[in-house]
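Inspection log for the structure reproduced underneath, given as structure tokens.
What follows draws every value from the coordinates through simple rules; no lab data is involved. Keep in mind it's a predicted model, so treat the numbers as computed, not measured. Every residue, glycine among them, receives a Cβ derived from its backbone with ideal geometry; neighbour counts consider all protein chains shown.
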Amino acid sequence: MTDRQFVFRGFRFDPRTGELRGDRKQARLTPRAAAVFTMLAECAPKLVSKQELFERVWGGLAVSDDALTSCIQELRQALGDDARAPRYIETRHRRGYRLIEPVTVIGEAGVLDPSSVGHRHEGALPLPDRPSIAVLPFVDMSSDHDQEHFADGITEDLITGLSRIRWLFVIARNSTFQYKGKPPDIRLVGRELGVRYVLEGSVRRQGKRLRITAQLIDATGGGHHWAERYDRELGDIFAMQDEITRSVAAVIEPRLLAAEGVRALSRSAGDLDAWELVARAQTRLWRISKVDFEAAIGGLEKAVEIYPEYAPARSLLAFSLLFAVHMGWLDRARELRRGHEQALAATALDDHDPWGHIALGYEALMAWRSEESIAAFQRALDLNPNSAAAHGHLGHGLAFSGRDQEAIRHSEEAIRFSPFDPLMALFLGNIAVSHYLAGRYDESFRYASDAARVRPGFHGAQRLRCGSLARTGRIAEARSLLATVRSEQPQLSLAWIRANVPYQTPELMERFLEGMRMAGLSED
């Protein structure tokens, strides 16, 4: 198991990076000290002999006791421990060392092994270096408790679904943490588990209907970020379970991103870590304006410079550069290449991050490599089938390829999953493109107008409004709107569209260009 962390009294240790985080202390251990501490944590609270440590950490090389003693001293300094009255690392003279504290192991994708939960830690666990959430068992509120299996199934499926979000640290609270009557103190739960957010809910049967409620709570302050109620007729219990869990998992991602963005915007840029720099940039990108994209790109470039091995920063920077090229805000030749390089670097760092594959898909789309583009977007969706963003971006690639029915289906799925998503303008824009290329110009104008209303700075939607108006015979309105669009994008011309807008075949491109000609756009 490579993606794991160890938590114990007031500390969290990541053996991959050597980072040890505490309530008031933070240190990055040297590789040898990190390897020693990893072995002590794996065996805690049992004794680890000196010989075992020498064989594991030094590979059997002949080294003096001083090398091991130096590592132990480094660990004690990082922990604030005292060899004379140890609270963490105990020395057994001539025998070895042991980590006194019981340790909880957090495994692959940030999911806490339920069998390891139950230790009470003194003080609060430190928060991890990315957003963290605990999924509490959904409670069966039915009078005869005949839906307990359904509640347990929803809880397990939500843990699995949320664990597909690579930037999110998911902790599953064990099934013994039930409550009857009085709800748990969410802030206490957050402190005990070391998480910022808690997802909880209930199931109640009323005759032939089931009512499922869910709510997302900030465990640090107790505020509610989202709540929803689902009423369903009893039927195929597994289909119902799948539908509810997919809906909840899909809507949680943008809600958490928004909450993290607001939190990061309220802090000084110099105090932000890698994730917080990404969250702040994400909030800017959602606004879809030139000014906001410039600010977001600057912040992401800083994140990549400081944290070069942090995949989400590179994948979001890649997407930002590519989208800005599409809108006409950046030079195509230079930024398309740079976006591609950042996307490749992101997927090299983490091939299971959907954001990286979305960026690769966008670059291929902008370079008119249709099949490659759709395959990359599909890969992102495969990695997280509950992602509204992945559905939306796949719809984007399909729309510009002229596959209107598939594009509309995925875009509508994104909207159904996340009806108040910050990317709503893009989802609507996909549907507008699909209708335009299929010759349904009234529908195209309606969806493009909805997208522009949500995000007025979305130049792609504004251009599509011009072409749609012209195609419906409303030439005067189209030309008036085009004058406004060109005042914001003075380089706009038919030649510019050919070079920068990713209609994937000459026939599809010509179909759009004809509408823009009718609206009065010239070749140069």
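Residue-wise, which Karplus ³J(HN,Hα) couplings in Hz belong to the stretch 477-488, taking 6.51 cos²θ - 1.76 cosθ + 1.60, θ = phi - 60°, and x for glycine or proline?
Here the 3J(HN,Hα) series is 5, 4, 6, 5, 5, 4, 4, 5, 4, 5, 5, 8 Hz.
Which residues among the stretch 217-247 fall inside the zone where the amide N is under 20 Å from a point 7 Å beyond the Cα of R187, along Cα→Cβ?
217-226
What does DSSP give for the chain in terms of the percent of beta bridges that are antiparallel, rounded to the nearest 5?
On the way: 39 of 48 bridges.
If we restrict to bridges inside the chain, about 80 percent are antiparallel.
Using Cα positions and a limit of under 14 Å, work out the aspartates and glutamates in reach of K46, with same-chain residues fewer than 8 apart set aside.
By straight Cα distance, K46 reaches E90, E101.
Roughly speaking, what is the stretch gain from I237 to R204, that is 0.36 nm per residue apart minus the C-alpha to C-alpha distance, in nm to one decimal? Before the final figure, lay out each step's value.
Working: separation 33, 0.36 × 33 = 11.88 nm, distance 1.37 nm.
Full-extension gain reported as 10.5 nm.
Taking the Cα centroid of the stretch 434-481 and of the stretch 333-392, what is the distance between the two, rounded to the nearest whole Å?
27 Å
At a Förster distance of 22 Å, what's the computed FRET efficiency of H93 paired with R28, Cβ-Cβ distance as r, to 0.05?
0.15
Tell me, what ³J(HN,Hα) does each residue in the stretch 502-509 have, in order and in whole Hz, if you take phi through Karplus 6.51 cos²θ - 1.76 cosθ + 1.60 with θ = phi - 60° and put x for Gly and Pro?
x, 5, 7, 9, x, 5, 5, 4
Mind ranking 50-59, 348-357, 274-283, 71-80 by how tightly packed they are, going by the mean number of other C-beta atoms within 10 angstrom, highest first? Don't skip to the end; give the middle numbers.
Details: 50-59: 14.7, 348-357: 20.6, 274-283: 23.9, 71-80: 18.4.
My ranking of the peptides, most packed first, is 274-283, 348-357, 71-80, 50-59.
Scan around F169 for amide H atoms under 5 Å from its own, H built in the peptide plane at 1.01 Å from N, and keep only partners 5 or more places away or cross-chain.
Close amide H contacts, sequence-distant or interchain: S132, I133.
Note the listed values (1) 99, 53, 42; (2) 90, 63, 37; (3) 85, 58, 48, then indicate which one is Cα extents along the principal axes in Å calculated from this particular structure.
Recomputing Cα extents along the principal axes in Å here picks out (2).
Helix 388-400 against the longest principal axis of the chain: what's the angle in degrees, Cα atoms only, rounded to the nearest 10?
30 degrees
Run the quick spin-label model on R337 and A83: label points 7 Å from Cα toward the beta carbon, then report their separation in nm to one decimal.
5.7 nm
So what's the back-of-envelope 222 nm ellipticity for the chain, counting only DSSP H runs of four-plus at -39500 (n - 2.57) apiece and dividing by all residues, rounded to 500? Before the final figure, lay out the partial values.
On the way: 20 runs with 281 residues, N = 524.
Value at 222 nm, helices only: -17500 deg cm²/dmol.
Convert each backbone phi in the stretch 64-69 into a coupling constant with the Karplus relation 6.51 cos²θ - 1.76 cosθ + 1.60 (shift: θ = phi - 60°), then list the ³J(HN,Hα) values in order as whole Hz, x for Gly and Pro.
Per residue, the Karplus-derived 3J(HN,Hα) values read 7, 4, 4, 4, 5, 4 Hz.
Return a whole-number percent for the relative contact order of the chain, with Cα pairs under 8 Å and 6 or more residues apart as the contact set.
Details: 961 pairs, mean separation 43.3, N = 524.
It rounds to 8 percent for the chain.
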